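Novice: So that we are looking at the same thing, I have put the structure below in structure tokens.
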Amino acid sequence: MERTHKTGNMRNMRGTVDDAETRFGSGSDELIFFVNGKKVVETNADPETTLLTYLRRKLGLTGTKLGCAEGGCGACTVMLSRYQTHTQRLLHYAVNACLAPLCSLHLVAVTTVEGIGSVARKLHPVQERIAKAHGSQCGFCTPGIVMSMYALLRNNPTPKMSDMEEAFQGNLCRCTGYRPILEAYKTFTVEGGCCGGRGQGKGCCMTNGNRAEETSEEDATDATSLFNAADFTPFDPTQEVIFPPELMSLTKGQRACSLRFCGERVMWLQPHSLDEFLDLKWKHPDARVVVGNTEVGIEVKFKNMVYPVILAPAFISELSTVTHTEDGIVFGAACTLSHMGAVLRQAVETLPPRQTEVFLAVLEQLRWFAGQQIRNVAAVGGNIMTASPISDLNPVFMAAGCKLTLMDKDGSRVVHMDDSFFTGYRKTVVRPQEILSSIEIPYSKKTQFISAFKQSPRREDDISIVTAAMSVTFTAGTNLVEDLRLSYGGMAATTVMAKKTANRLLGRCWGKELLQEACSSLADEMTLDPSVPGGMVTYRRTLTLCLFYKFYLTVLQKLRQQGILVEDIPSDHLSATEIFHPETPSSVQIYQAVPKGQSQDDVVGRPTMHLSALKQATGEAVYCDDMPLFENELYLSLVTSSKAHARILSIDTSAAEHMPGVVCCVFAEDIPGSNATGTIVYDETVLASHQVTCVGHIIGAVVADTQLHAQRAAKAVKVQYKELQPVITIQEAIAAQSFFQPIRTIQKGDLEAGFKQADHILEGEMHIGGQEHFYLETNVTLAVPRGEDGEMELFVSTQSASKTQSLVAKALGVPANRVVVRVKRMGGGFGGKESRTTVLSTVVAVAANKLKRPVRCMLDRDEDMLITGGRHPFYGKYKVGFLNSGKVVALDVSYYSNAGNSTDLSLSILERALFHMENSYSVANIRGRGFMCCTNLPSNTAFRGFGGPQGMLIAENWMTDVAQSLGRSAEEVRRLNLYVEGQSTPYNQVLDQFTLDRCWDECLTRTAYQQRRAAVDLYNRDNRWTKRGLAIIPTKFGISFTAAFLNQAGALVHIYTDGSVLLTHGGTEMGQGLHTKMVQVASRVLGIPYSKIHISETSTNTVPNTSPTAASASSDLNGAAVQNACEILVKRLEPYKAKNPKGSWEDWVTEAYFDRVSLSANGFYKTPDLGYDFDSNTGRAFNYFSYGVACSEVEIDCLTGHHKNLSTTIVMDVGRSLNPAIDIGQVEGGFMQGLGLFTLEELHYSPQGILLTRGPGSYKIPAFGDIPTQLSVSLLRDAPNNKAIFASKAVGEPPLFLASSVFYAIKDAISAARAESGISGPFRLDSPASAERIRNACIDQFTKMCPPAEPGTFTPWSVQV
């Protein structure tokens, strides 16, 4: 029997709803839908409530996560199902719950991750496989990925790998590096379906999937499988949850009726017929029409738009129908993009090729249009009417001359999509009372050729930089141009046609002269103001020419195929015409198996699954914001500065205080303790009182009954400023000498003598951009006052529980013993939650203290990116002296980091950059200096690698320059300069247990480096417009906190009388598997199965004074503390084991308890012999080093700057791995994060210090399609490390830098492109190597036609900070 869940909206409904009711009449209809088979009847559906908010807050289904609120990360993916009466078919599709309006769900079945399986009941195979294949680390993205895969299988139980890759285009993961997710789900596909070990010969996943090359005798202990697919529960598509029968009958029996839902500010009207729709649009000409809410949802959320009336024509069949006519296919304007794609694909398969050129061009754009979840709901009409200047589809519609039918209540008219359709930025010729009812996409003519292009920073789910569509029609049997249309997006405030150029070329022969004319004409016609929004002016202008050139070559080829006599295309130019088709990635993982004879109960060294993986895959794992609401709980939203540097003149809260649901505002005067705060130095404020020093500086907060009310009211707080001159960039800081003290120096040898000895000296510089952490779970704090003695309990997503405790206590003016901080798990951290979480936690605690009520705040993605800072941008200048052989003999390097508006951890980060300034190379005479630039940006902070990657990237840059200036191979010069055992670093630490040479040699062997180099050189000789590059890069990463006092850890172990063990230690779990490893350690020491051991959380009342979980040292430190505590307990139990050797663990525990022996122990560990002194350059900075080598091959498109990651081979020394599955996961995840840092992720700041990239729409982290096509990870065998727990090594940060092998492979490929233009020698390539930088560095005839504007003659859109 189905239960009915009847809910009502009890919220305060003052204000705008009254006006709405007078305008439209009062009252809302009942909204009926089903969630996981249960009927929900909502009597007060608010049009501004999303499905995600409703699931999490009203229904308590917290498995579906909030990652970005803009449909860009997929964490909130759910499946919707509807019964279509006209086709009598069930439709299942994945959607983003963060954008789906609750009101759009009438008669829809919603399936969430909780609805398909649970640990308690039964796991669905989709949940089980991602967990057991190690595809869930922090787990925050896992439910969304699970639901994307589930929706795919509901529609197609035997998908191909390409279907799966398409299904994941709208999902992001920041931890795993994607490989294990694909590996897990490959087992559902045609290519990788598992036979359960029944043997399908060479196609079997158990012989192919994770297997390496045939192992020789000596490698017999190499293991290559991290999971066994035969253990998976078979997938039976007939056992899926059924569509609710009651919903089926409700849908079939529904009368045509319109719906109305009335909220506080918005009225949602869902007409039942086209006539009613036209009538409503006539009455409400300014009403927004919403189908998928993929645009309006963003405008309301991020642009503060309010649309009092929304018209939702989802029920109107005429707007969703598809009609085939003589001239083409007519799509109703409400057709979704995925439906349009399916229809066009069907047409391409059945119609003659000459008719389908336009369809193929549309399909080419749809391949890379947003993610599947967006395409499933976004309507083609919405795409046109949004009138975005960078629309992917509008250029195709314009080039093809599509016809649009517009209607109002008096009739209809047909308009052509030509250069007159868009009248201005986001404006069209459509009148306010008209609607777009359909679009006709025409068949192509026999002599017509059309191509579509899109260039974006990342291929998958990305916003275009430039899009283009080009159509040419020839006089039959000739190459004479009869009609030419060139349409561009991203080159003006609207989609534009290059009419002058097109008219010039009419009647001309398609050949070299036409090409010359077209390019020079386009260069004149397609100009951009140097200050244009979006920047990249030279690149965008060059693209207009290069995309035409690609079109020109493609058409030449097609004319030749039709037998028309045209000029020959040189064979080395053909690769410019290839359309990109991703190859299915393949991978190999190699690690050393555990020694023969190791007990089955001893899981150390085995690829054990992450302890929380199953819970994460079912949505049952509890993150901070998943905790049920406390009684009387309130929600907080921050008020932040809109100026980079200013004095606060006044704050007006009157409007905010009168808004619905608002309880109070919080400002500096509400802080009972100290307003001074900071990580090491108290140089920050909890709340700004007189002055702001960055955009995003927290001034105050608004507390209200709900998140929506708090956020709306926070935006209504008015702050008046007197602006002061800001310092934004490193170059501005250098000019103003705006530095934090001290300036650090490490020097060794005789620099002057070294430069005298050198045969050559060269100088260079490089800028490395910052990086946003983009943990999928943003910062969140829940503060609960405990009502006496100033006690407060905080639930926080932080890597630093003790620092949170001390800073909250300081702000509240109470001793630390009154504040308890609890951390269950984080949805990712990466250093971003080491120190900056306290900027939120202190404010939430102050508000909870003021109101004596629980207060919660989870930052939205845009707030988190704005407020919390990221990886430090670095600028490096170097002078290097070297011999003819390539041996480096002298180096003088200066590092400048952009620290932001406070010191935070910047000094330690800069010190680590200096400690890694030589990377893995021995330089006899060396000096490194480091400067921290004090700027008006949010304070930058810790990020995986902690300054090390920046220090090493600049080292690899001068190494590349040395090789290029000598004309030698970079691999040879690097090998020549590598450290050897026993040499000492610039900070006088001797390298012992040195394994880098072994890693290097194994990497060369595994990649067959010399053959690969020869193949790359051959490819580059044969191809002019695509080039390949190859690079092999080492890393040496020091393990320890550079602040010696932090190298300590504690643990607390309780044994209960039933034999179960509760383990607590000082580290926090953020997906890196620390808790799993600690349980493995305890299991080995106690000699019991790990199923008997449980870790509940990290808290300041169990293990005090903990160091942050950072510096890759947490397994070393906490592992040794856990070992210490467990050894104490084993010693206490020894007499009982001796007395009763055949007894069980439980027997010994019981006997000890009755003998009144304590079954609880504290463990402690401190790393011995640490402590470096900068003044004397003495002392050990690090306990040991982690080593690794990576070799990567890439292919670049010299015309667009796009690159493909073809292959990467990594050899990593992790000592004796505690858990190979977790360690390989860390290597791959770190590598992919580095890939983002060095090739993709760009933070754009305006010259006024405003962050312009505030979400996944504008800031691109690597996606599924960015992983190397071939990825091999090998853990170095026989390399025990006697300085850490069970001979293991740290693994979190060291692998990240290995992604620079991709950066230097790109640089290698650019060198090959420059050689074609006769340019050789060193050149500057800043990081990241974005498509723009790659294209601009490949100097050729096209770049010369689009010279950049002179710096200083214009104000740029963004500046290099």
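Novice: Which of the residues spanning the range 1038-1074 are in contact with a Lys or Arg (Cβ under 9 Å, 6 or more places away or on another chain), closer than 30 Å to Arg1156 by Cα and open to solvent by less than 20 Å² (accessible area, probe 1.4 Å)?
Specialist: Selection gives Ala1049, Gly1059, Val1061.
Novice: Output the qualifying pairs, or none if there are none: Cβ atoms under 9 angstrom, residues six or more apart or on different chains, first residue in the range 825-852 and free of Cβ contacts under 8 Å to residues at least 60 places away in the same chain, second residue surrounded by fewer than 24 Cβ atoms within 10 Å (Cβ to Cβ).
Specialist: Thr837/Lys803
Novice: Six or more apart or on different chains, Cβ atoms under 6 Å: show the pairs whose first residue is in the range 789-812 and at positive phi and whose second is outside any loop (DSSP other than H, G, I, E, B) and crowded, with 21+ Cβ neighbours inside 10 Å.
Specialist: none
Novice: Under 8 Å by Cβ, and 6 or more places apart or on different chains, what pairs join a residue from the range 614-629 that is more than 17 Å from Thr1068 (Cα to Cα) with one that is of a type in the set (Phe, Trp, Tyr) and open to solvent by less than 40 Å² (accessible area, probe 1.4 Å)?
Specialist: Met627/Phe795
Novice: For residues that are without any contact (Cβ under 8 Å) to a residue 40 or more places away in the chain and of a type outside the set (Ser, Thr, Tyr), scanning just the range 1307-1322, find the one that is surrounded by the fewest Cβ atoms within 10 Å (Cβ to Cβ).
Specialist: Within the range 1307-1322, the subset without any contact (Cβ under 8 Å) to a residue 40 or more places away in the chain is 1314-1315, 1317-1319.
Within this subset, residues satisfying the condition of being of a type outside the set (Ser, Thr, Tyr) are 1314-1315, 1318-1319.
Details: Arg1314: 19, Ala1315: 12, Gly1318: 7, Ile1319: 14.
The residue in question is Gly1318.
Novice: Can I ask one more? Does the range 963-970 contain any residue that is touching a helix residue (DSSP H, G or I) at 6+ places or on another chain (Cβ under 6 Å) and open to solvent by less than 10 Å² (accessible area, probe 1.4 Å)?
Specialist: Narrowing the range 963-970 to residues touching a helix residue (DSSP H, G or I) at 6+ places or on another chain (Cβ under 6 Å): 963, 970.
Checking the rest, the ones that are also open to solvent by less than 10 Å² (accessible area, probe 1.4 Å) come to 963.
Yes, because at least one residue in the range 963-970 is touching a helix residue (DSSP H, G or I) at 6+ places or on another chain (Cβ under 6 Å) and open to solvent by less than 10 Å² (accessible area, probe 1.4 Å).
Novice: Restricting to the range 856-894, give me the number of residues that are in a loop (DSSP other than H, G, I, E, B), crowded, with 21+ Cβ neighbours inside 10 Å and in contact with an Asp or Glu (Cβ under 8 Å, 6 or more places away or on another chain).
Specialist: 3
Novice: Okay, moving on. What number of residues within the range 311-326 satisfy the criterion of being part of a loop (DSSP other than H, G, I, E, B), closer than 29 Å to Thr447 by Cβ and either in contact with a Phe, Trp or Tyr (Cβ under 8 Å, 6 or more places away or on another chain) or not β-branched (Val, Ile, Thr) (or both)? Full working, then the answer.
Specialist: Filtering the range 311-326 for residues part of a loop (DSSP other than H, G, I, E, B) gives 312-316, 320-321, 325-326.
This time we only want the ones that are closer than 29 Å to Thr447 by Cβ, so: 325-326.
In the following step, the residues that additionally are either in contact with a Phe, Trp or Tyr (Cβ under 8 Å, 6 or more places away or on another chain) or not β-branched (Val, Ile, Thr) (or both) were identified as 326.
So the answer is 1.
Novice: Let me ask you something else. Looking at (1) open to solvent by 10 Å² or more (accessible area, probe 1.4 Å); (2) touching a Ser or Thr at 6+ places or on another chain (Cβ under 7 Å); (3) among the aliphatic types (A, V, I, L, M), which one does Ala1290 not meet, given that it meets all the others?
Specialist: (1)
Novice: A follow-up question, please. Restricting the search to the range 425-461, which residues are closer than 15 Å to Lys403 by Cβ, part of a strand (DSSP E or B) and not small (Gly, Ala, Ser)?
Specialist: Thr428, Leu436, Ile439, Glu440, Ile441, Pro442
Novice: Just give me the residues in the range 506-532 being under 22 Å from Leu565 (Cα atoms), surrounded by fewer than 20 Cβ atoms within 10 Å (Cβ to Cβ) and out of contact with any Lys or Arg (no Cβ under 7 Å at 6 or more places or on another chain), in sequence order.
Specialist: Leu506, Gly507, Arg508, Cys509, Gly511, Lys512, Glu513, Leu515, Gln516
Novice: Still on this model: Return the residue satisfying two criteria in turn: it lies in the range 570-590 and is within 28 Å of the chain's Cα centre (by Cα), of a type outside the set (A, V, I, L, M, F, W, C) and open to solvent by less than 40 Å² (accessible area, probe 1.4 Å), and of such residues it is nearest to His1094 (Cα to Cα). Write out each step before concluding.
Specialist: Our first condition is that a residue be within 28 Å of the chain's Cα centre (by Cα); within the range 570-590, this holds for 579-590.
Now drop any that are not of a type outside the set (A, V, I, L, M, F, W, C), which leaves 581-587, 589.
Then keep just the ones that are open to solvent by less than 40 Å² (accessible area, probe 1.4 Å); that gives 585, 587, 589.
Numbers: Pro585: 37, Ser587: 33, Gln589: 29 Å.
Top of the filtered list is Gln589.
Novice: What about Gly381, is it modelled with pLDDT of 95 or more and open to solvent by 10 Å² or more (accessible area, probe 1.4 Å)? Reasoning before the result, please.
Specialist: Details: modelled with pLDDT of 95 or more: yes; open to solvent by 10 Å² or more (accessible area, probe 1.4 Å): no.
No.
Novice: Looking at the range 901-910, can you tell me whether even one residue there is within 28 Å of Cys999 (Cβ to Cβ), of a type outside the set (Asp, Glu) and either over 28 Å from the mean Cα position of the chain (by Cα) or open to solvent by 10 Å² or more (accessible area, probe 1.4 Å) (or both)? So that I can check it myself, show each step before the final result.
Specialist: Here is the first cut: in the range 901-910, the ones within 28 Å of Cys999 (Cβ to Cβ) are 908-910.
Those still in the list that are of a type outside the set (Asp, Glu) too: 908-910.
Okay, now just the ones that are also either over 28 Å from the mean Cα position of the chain (by Cα) or open to solvent by 10 Å² or more (accessible area, probe 1.4 Å) (or both), so 908.
Within the range 901-910 (the criterion being within 28 Å of Cys999 (Cβ to Cβ), of a type outside the set (Asp, Glu) and either over 28 Å from the mean Cα position of the chain (by Cα) or open to solvent by 10 Å² or more (accessible area, probe 1.4 Å) (or both)), the answer is yes, since at least one residue qualifies.
Novice: Before we move on, is Gln799 assigned to a loop (DSSP other than H, G, I, E, B), in contact with a Gly (Cβ under 7 Å, 6 or more places away or on another chain) and of a type in the set (S, T, N, Q)? Break it down into steps so the answer makes sense when it comes.
Specialist: On the way: assigned to a loop (DSSP other than H, G, I, E, B): yes; in contact with a Gly (Cβ under 7 Å, 6 or more places away or on another chain): yes; of a type in the set (S, T, N, Q): yes.
Yes, satisfied.
Novice: From Val622, Val663, which residue is buried (at least 16 other Cβ atoms within 10 Å of the Cβ) and part of a loop (DSSP other than H, G, I, E, B)? Show your work before the answer.
Specialist: Working: Val663 fails: part of a loop (DSSP other than H, G, I, E, B).
Exactly one residue qualifies, and that residue is Val622.
Novice: Could you count how many residues in the range 981-1009 are more than 35 Å from the chain's Cα centre (by Cα) and open to solvent by 20 Å² or more (accessible area, probe 1.4 Å)? Lay out the reasoning, then the answer.
Specialist: Our first condition is that a residue be more than 35 Å from the chain's Cα centre (by Cα); within the range 981-1009, this holds for 981-993.
From what is left, the residues that are open to solvent by 20 Å² or more (accessible area, probe 1.4 Å) are 981-984, 988, 990, 992-993.
Of the residues in the range 981-1009, 8 are more than 35 Å from the chain's Cα centre (by Cα) and open to solvent by 20 Å² or more (accessible area, probe 1.4 Å).
Novice: Here's a follow-up. Need pairs with beta-carbon distance below 6 Å; first residue among the charged types (D, E, K, R) and within the range 128-149, second not in a loop (DSSP other than H, G, I, E, B); sequence gap 6+ or separate chains.
Specialist: Once the first residue is among the charged types (D, E, K, R) and sits in the range 128-149, its partners that are not in a loop (DSSP other than H, G, I, E, B) give Arg129/Ala184.
Novice: Hey, can you tell me all the residues within the range 1131-1153 that are loosely packed, with under 15 Cβ neighbours inside 10 Å, within 25 Å of Gly1050 (Cα to Cα) and within 50 Å of the chain's Cα centre (by Cα)?
Specialist: Hit for the range 1131-1153 is Lys1131, nothing else.
So that you can scan it fast, the table gives a plain yes or no per residue for (1) farther than 30 Å from Val1149 by Cβ; (2) out of contact with any strand residue (DSSP E or B) (no Cβ under 8 Å at 6 or more places or on another chain); (3) basic (Lys, Arg):
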residue: Pro986; (1), (2), (3): yes, no, no
residue: Cys1003; (1), (2), (3): yes, no, no
residue: Arg1006; (1), (2), (3): yes, no, yes
residue: Gln1011; (1), (2), (3): yes, yes, no
residue: Asp1017; (1), (2), (3): yes, yes, no
residue: Lys1036; (1), (2), (3): yes, no, yes
residue: Ala1044; (1), (2), (3): yes, yes, no
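Novice: Scan Thr1209, Thr1200 and give me the residue that is open to solvent by less than 20 Å² (accessible area, probe 1.4 Å) and part of a loop (DSSP other than H, G, I, E, B).
Specialist: Within the list Thr1209, Thr1200, the selection yields Thr1200.
Novice: Let me ask something additional. Select from the range 1010-1037 the residues that are of a type in the set (A, V, I, L, M, F, W, C) and over 30 Å from Gly948 (Cα atoms) and write down the one among them that is surrounded by the most Cβ atoms within 10 Å (Cβ to Cβ).
Specialist: Selected residue: Trp1025.
Novice: Moving on to the next point. Could you list, in sequence order, all residues of the range 596-619 that are of a type outside the set (S, T, N, Q) and open to solvent by 60 Å² or more (accessible area, probe 1.4 Å)?
Specialist: Of the range 596-619, the ones of a type outside the set (S, T, N, Q) are 596-597, 601-607, 609-611, 613-615, 617, 619.
Passing the criteria: Lys596, Gly597, Asp601, Leu611, Lys615.
Novice: Still on this structure, I have one more. Say we look at the range 55-79 and pick out the residues that are hydroxyl-bearing (Ser, Thr, Tyr) and touching a strand residue (DSSP E or B) at 6+ places or on another chain (Cβ under 8 Å); which of these is surrounded by the fewest Cβ atoms within 10 Å (Cβ to Cβ)?
Specialist: If we filter the range 55-79 for residues that are hydroxyl-bearing (Ser, Thr, Tyr), which is where we start, we get 62, 64, 77.
Cutting the leftovers down to touching a strand residue (DSSP E or B) at 6+ places or on another chain (Cβ under 8 Å) gives us 64, 77.
Values: Thr64: 25, Thr77: 33.
Among them, the one singled out is Thr64.
Novice: Looking at Leu66, Leu102 in this structure, which one is modelled with pLDDT of 95 or more, under 24 Å from the mean Cα position of the chain (by Cα) and among the aliphatic types (A, V, I, L, M)? Outline the logic, then answer.
Specialist: Details: Leu102 fails: under 24 Å from the mean Cα position of the chain (by Cα).
Of the residues listed, the single one that is modelled with pLDDT of 95 or more, under 24 Å from the mean Cα position of the chain (by Cα) and among the aliphatic types (A, V, I, L, M) is Leu66.
Novice: If Pro672 passes every condition in (1) open to solvent by 10 Å² or more (accessible area, probe 1.4 Å); (2) touching a strand residue (DSSP E or B) at 6+ places or on another chain (Cβ under 9 Å) but one, which one does it miss?
Specialist: In the conditions (1) open to solvent by 10 Å² or more (accessible area, probe 1.4 Å); (2) touching a strand residue (DSSP E or B) at 6+ places or on another chain (Cβ under 9 Å), Pro672 misses (2) alone.
Novice: For Arg853, are the conditions met, namely being open to solvent by 10 Å² or more (accessible area, probe 1.4 Å) and assigned to a strand (DSSP E or B)?
Specialist: On the way: open to solvent by 10 Å² or more (accessible area, probe 1.4 Å): yes; assigned to a strand (DSSP E or B): no.
Taking the combined requirement at face value, the residue does not satisfy it.
The values are calculated or read from the model by the stated rules, or taken from the named source; none is laboratory data. Please read these numbers as outputs of a predicted model, since none were measured by experiment. Note that each Cβ is placed from the backbone with ideal geometry, even for glycine, and that neighbours are counted across all protein chains shown. Ligands, DNA and RNA are stripped out before the accessible areas are found, and what is left, the full protein with its side chains, is counted by its heavy atoms. Shrake-Rupley method; radii C 1.70, N 1.55, O 1.52, S 1.80 Å.
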